[in-house]
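Read the structure below first, then the notes.
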Amino acid sequence: MRNVVPAILSVMVLSVSSAFAQKMAMEAPKGFDQPTAGISAGRIDSISYASKTVGTVRKALVYTPPGYSKRKKYPVLYLLHGIGGDEKEWLKGGRPQVILDNLYAAGKLKPMLVVMPNGRAMKDDRPIGNIYGPEKVAAFANFEQDLLTDLIPYIEKSYPVLKNRESRAVAGLSMGGGQSLTFGLGNLDKFAWVGGFSSAPNTKMPEQLVPDPAKATKQLKLLWISCGDADGLLPISQRTHDYLYERNVPHVYYLEAGGHDFKVWKNGLYMFSQQLFKPVDVAALPTYTVLGAPAATNVRNAKYPQILPDNRAVFRLKAPGVQQAQLDLGRKYNMVKDSSGTWTVTTDTLSRGLHYYSLLLDGLPVADPASDTFYGMGRMASGIEIPGRGTSFYALKDVPHGEVRMKRYYSKVTNSWRQMYVYTPAGYDATTATKYPVLYLLHGGGEDETGWARQGKADLILDNLIAEKKAKPMLVVMLDGNMGGPGGLAGFNEGTLKRFEDDLKQTVLPVVESNYRVAAGPGNRALAGLSMGGLQTLYAGIKNTDMFAHLGVFSSGFFANNAALSDPQYAFMKANAGTINTNLKQLWLSMGGPEDIAYANNKVMRAKMDELGIKYVYSEYPGGHTWPVWRHDLYLFAQGLF
């Protein structure tokens, strides 16, 4: 079915609407890292401190701001280097004193000390030899103890600093970014401000970084995650952002053009330091970025479409010969052409899930060459997957995975070759003595047998449910419900439904049961479908409860305004209510809330079923007539099967 919600095409440099974002430049201006004549300068000193952790005297650099006075007390930022550096890496590669001096001169910084330690906590802490050796990598983890028990106490004894957690920040680049996230989030009694720039693989997995999202949300003042879009370590930042987003932990996820280098890290310091030790507008944090992340539905190596942290999307297309370009997501967005012939547009915030879209080039609808295409809307269309909270049940996880297989068969009902997709659970080929129950799963109008396999993510939903032991291992047969004719409601009548029923009984079931190891009997068969497929389920399922003991009807119902079609179905229910209730273990009806276009039909049908004494279970999940709803329907329905 058509899931069209407004979406996108926009400029690389993002224009945001919040007052917070408008006050702040989205990236450092030209010359931000160059000395400015005539301004006050801070000072960098080298210090030595006794480390009980390492058993030696260690070195660090301390930046004190312009106008530093021992009569004042200052907050502190601990700024960490990468795997190939030491306490001087920031000084040599980033010139932080110049960046900070310029910010102070512009009145953009809260006065603070910046401590740059050597994060390799071992006696010979020089970046020489094999810097990736296990002993040296372990020394970066060992620095947590050195930082907390040796360096911080030394700084707080030797300098006039504020000693509460709200006045302490930690940030770093690459390996230091991993240290900052791990140490900072692991010690929220010590740090309220945490920043990771291009964080490296030493970053703990998100579940370990933030095991208690509610507690982290309460304690953090600011969590900053930034990376360059061409950085090979970007997936580390992305996975952390995804976890935090899913669990509603406020944070900045800042992406910019660049790789794993000081161009990105200097900008990270410039942007992050301005936020420190000041009131934070939490609501504006998702708007704080330059670029978005490439959509999961992009073709290989395509940077656009991009999804911004607040789920707006940015689309780009180079088409210099086109005179007018629009993005069609149900609502049409006019795209803007630049001097190179590249068209761009940015959408409003999009709802989670898959959105079909087209590009209109001088009025001609075409697929976006940068996006994957799906059979939806009655044709091949581009699609963009928008992330959302509460969607982990169809995430790709490290669990045993089944397979989706394509099976061709000849139907004597349609007199044509047809195909189906069959999900077999993990271990199907290894456990040759095991027979499996089967769910026959139907798509909606304008889609085909690929709908549940691709748009619906049925395999991932089942993989995760089976791995969590929330569903029994089963086959899922995804059928083509298109039975010929004009299509749409005009071609949807009793004859079309009967044709589907005949094909299901006379062709599909024999093909499946002769080619796959399936358990026999109605108790081992289920039939379910969305929208049009829900009507097919009602028609074929209710009339054949001796063949199917489980029926699932998603976002569907007999038409309230089509008595010629609906009345015979209700008459059958009335005459066979006892048999239907006895045979069915589950008749599961679900809707996507009042905004679902089938809501009224389903409500009328439920009232009629109540009148006829037909037993059913009803579920409602907000989201309308869309794939996020149907994925969730399958997630719930499958748990009650067999």
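The values are calculated or read from the model by the stated rules, or taken from the named source; none is laboratory data. This one's a predicted model, so the numbers in the text were calculated from it and none came from an experiment. Note that each Cβ is placed from the backbone with ideal geometry, even for glycine, and that neighbours are counted across all protein chains shown. In case anyone asks, the SASA skips ligands and DNA or RNA and just uses the protein heavy atoms, side chains included. Shrake-Rupley method; radii C 1.70, N 1.55, O 1.52, S 1.80 Å.
If you go through the stretch 251-265 one residue at a time, do you hit one that is in contact with a Phe, Trp or Tyr (Cβ under 7 Å, 6 or more places away or on another chain) and farther than 24 Å from GLY176 by Cα? Within the stretch 251-265, not a single residue is in contact with a Phe, Trp or Tyr (Cβ under 7 Å, 6 or more places away or on another chain) and farther than 24 Å from GLY176 by Cα.
Could you check GLY552 against (1) part of a helix (DSSP H, G or I); (2) within 21 Å of ARG499 (Cα to Cα); (3) in contact with a helix residue (DSSP H, G or I) (Cβ under 7 Å, 6 or more places away or on another chain); (4) at pLDDT 95 or above and say which number it fails? Going through (1) part of a helix (DSSP H, G or I); (2) within 21 Å of ARG499 (Cα to Cα); (3) in contact with a helix residue (DSSP H, G or I) (Cβ under 7 Å, 6 or more places away or on another chain); (4) at pLDDT 95 or above one by one, GLY552 breaks only (1).
TRP343 - would you say it is modelled with pLDDT of 95 or more, touching a Lys or Arg at 6+ places or on another chain (Cβ under 7 Å), open to solvent by 20 Å² or more (accessible area, probe 1.4 Å) and of a type outside the set (Asp, Glu)? Against the criterion (modelled with pLDDT of 95 or more, touching a Lys or Arg at 6+ places or on another chain (Cβ under 7 Å), open to solvent by 20 Å² or more (accessible area, probe 1.4 Å) and of a type outside the set (Asp, Glu)), TRP343 does not qualify.
Out of LYS108, LYS72, which single residue is within 18 Å of GLN274 (Cα to Cα) and assigned to a loop (DSSP other than H, G, I, E, B)?
Just one listed residue meets the conditions, LYS108.
Tallying residues that are touching a residue at least 24 places away in the same chain (Cβ under 8 Å) and in a strand (DSSP E or B) within the stretch 353-374 yields 12.
Just so you know, in the stretch 329-339 the residues that are open to solvent by less than 60 Å² (accessible area, probe 1.4 Å) and at pLDDT 95 or above include one that is farthest from the chain's Cα centre (by Cα), and it is MET335. Criterion applied to ARG379, ARG352, ARG312, ARG316 was being in contact with a Phe, Trp or Tyr (Cβ under 8 Å, 6 or more places away or on another chain) and open to solvent by 10 Å² or more (accessible area, probe 1.4 Å), and the one residue passing it is ARG316. Consider the stretch 604-636 and keep the residues that are more than 21 Å from the chain's Cα centre (by Cα) and among the hydroxyl-bearing types (Ser, Thr, Tyr). The one that is nearest to ILE466 (Cα to Cα) is SER619.
The set of residues in the stretch 32-43 being touching a residue at least 12 places away in the same chain (Cβ under 8 Å) and either assigned to a loop (DSSP other than H, G, I, E, B) or under 30 Å from TYR253 (Cα atoms) (or both) consists of PHE32, ASP33, GLN34, PRO35, THR36, ILE39, SER40, ALA41, GLY42. Remark: PHE492 matches the filter, which requires a residue to be among the hydrophobic types (A, V, I, L, M, F, W, C), under 19 Å from ASP567 (Cα atoms) and out of contact with any Phe, Trp or Tyr (no Cβ under 7 Å at 6 or more places or on another chain).
Here the condition is being of a type outside the set (A, V, I, L, M, F, W, C), closer than 30 Å to LEU80 by Cα and surrounded by fewer than 15 Cβ atoms within 10 Å (Cβ to Cβ); of PRO279, PRO369, it holds for PRO279 alone. Looking at the structure I just gave you, is VAL62 surrounded by 18 or more Cβ atoms within 10 Å (Cβ to Cβ), modelled with pLDDT of 95 or more and in the same structural domain as PRO117 (by the TED database)? Taking the combined requirement at face value, the residue satisfies it. Do you know which of the residues in the stretch 511-544 that are within 28 Å of MET605 (Cα to Cα) and part of a loop (DSSP other than H, G, I, E, B) is most open to solvent (accessible area, probe 1.4 Å)? The residue in question is LYS543.
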